[in-house]
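Report on the structure given below.
The values are calculated or read from the model by the stated rules, or taken from the named source; none is laboratory data. Here the structure is a predicted model, which is why all the values come from computation and not from measurement. We place every Cβ from the backbone using ideal geometry, glycine too, and count neighbours over all the protein chains shown.
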């Protein structure tokens, strides 16, 4: 007897991939440029900047938290790296390490205020948005820092074996994060805290430590993205990363991670980030007004939340 195919279940389990393929086919029909090698590489390169942050955000949302400050962390980390290189002639490695340290430190502050201060993640990270932008303006006095060495510019514009370096960094970040979530104690506890935090506490696990750790992780990924963005633009400025939190959160939720925590995957976030990248690229190729693109992005955010609710209702 033939097995009946449950199409509804297939769509439910693979909806994002199906939507991704449909959009790609539609854009290929509407724009002959879409499926060219240069454009595909461009999509991956553009996606890598906020995709790296989305990897870190996945950890946070899996615990049931949120981080709205990733754009500000990116901006401040970026100008710190740029300032050390331009004003103090610091080696690239040390400047980059300092930027990552700043990102981790800002994430640590967020995590401690949330866990020890018992303040809602939304409130803490919203406050950090203003603090981060303010610190960036103080450090730069409102002026961009630009004109980096050719070695640093390779980070955002170079290639290895024909593959853009930002794409390589993005994929390495995805692999590391996938391994952490699936094969380490941090990953197991991240899922467990999002599933039922009280049960995890009663098990004797230091929930505050692991919840703080995920905000440090997203701080590090934000700083890493700042290096790529500054390198690619040959400039670091206070407005860098504005609005990135919207694309990042949308990528994570569209990729299947629940806003209530406990369910999701890094591979889903990868697909979600690529989906947003394809939509952004497609709108540019079709000459859609940047103003209307903002409307589409806002609709994506709302759609992602609705999709998350539907997933929870059908569990």
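Conditions (1) modelled with pLDDT of 90 or more; (2) out of contact with any strand residue (DSSP E or B) (no Cβ under 7 Å at 6 or more places or on another chain), marked per residue:
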residue: 166; (1), (2): yes, yes
residue: 178; (1), (2): yes, yes
residue: 190; (1), (2): yes, yes
residue: 194; (1), (2): yes, yes
residue: 199; (1), (2): yes, yes
residue: 225; (1), (2): yes, yes
residue: 234; (1), (2): yes, no
residue: 259; (1), (2): no, yes
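Of the residues making up the stretch 249-261, at least one is outside any helix (DSSP H, G or I), farther than 27 Å from residue 118 by Cα and either touching a residue at least 12 places away in the same chain (Cβ under 8 Å) or more than 18 Å from the chain's Cα centre (by Cα) (or both).
Selection of helices (runs of 4 or more DSSP H) fully inside the stretch 150-228 by the criterion of at least 2 residues being touching a residue at least 60 places away in the same chain (Cβ under 8 Å) and surrounded by 17 or more Cβ atoms within 10 Å (Cβ to Cβ) returns 150-157, 165-183, 185-195.
Is it the case that some residue within the stretch 267-285 is modelled with pLDDT of 90 or more, buried (at least 21 other Cβ atoms within 10 Å of the Cβ), touching a strand residue (DSSP E or B) at 6+ places or on another chain (Cβ under 9 Å) and closer than 24 Å to residue 108 by Cβ? No, there is no match, as no residue in the stretch 267-285 is modelled with pLDDT of 90 or more, buried (at least 21 other Cβ atoms within 10 Å of the Cβ), touching a strand residue (DSSP E or B) at 6+ places or on another chain (Cβ under 9 Å) and closer than 24 Å to residue 108 by Cβ. Just so you know, in the stretch 121-142 the residues that are free of Cβ contacts under 8 Å to residues at least 12 places away in the same chain and loosely packed, with under 13 Cβ neighbours inside 10 Å include one that is farthest from the chain's Cα centre (by Cα), and it is 141. Restricting 154, 201 to those that are within 27 Å of residue 261 (Cα to Cα) and touching a helix residue (DSSP H, G or I) at 6+ places or on another chain (Cβ under 8 Å) reduces the list to 201. For residue 64, the test of being modelled with pLDDT of 90 or more, under 20 Å from the mean Cα position of the chain (by Cα), surrounded by fewer than 20 Cβ atoms within 10 Å (Cβ to Cβ) and part of a helix (DSSP H, G or I) is failed. Residues in the stretch 286-304 that are without any contact (Cβ under 8 Å) to a residue 24 or more places away in the chain and loosely packed, with under 12 Cβ neighbours inside 10 Å were compared, and the one that is farthest from residue 246 (Cα to Cα) is 287.
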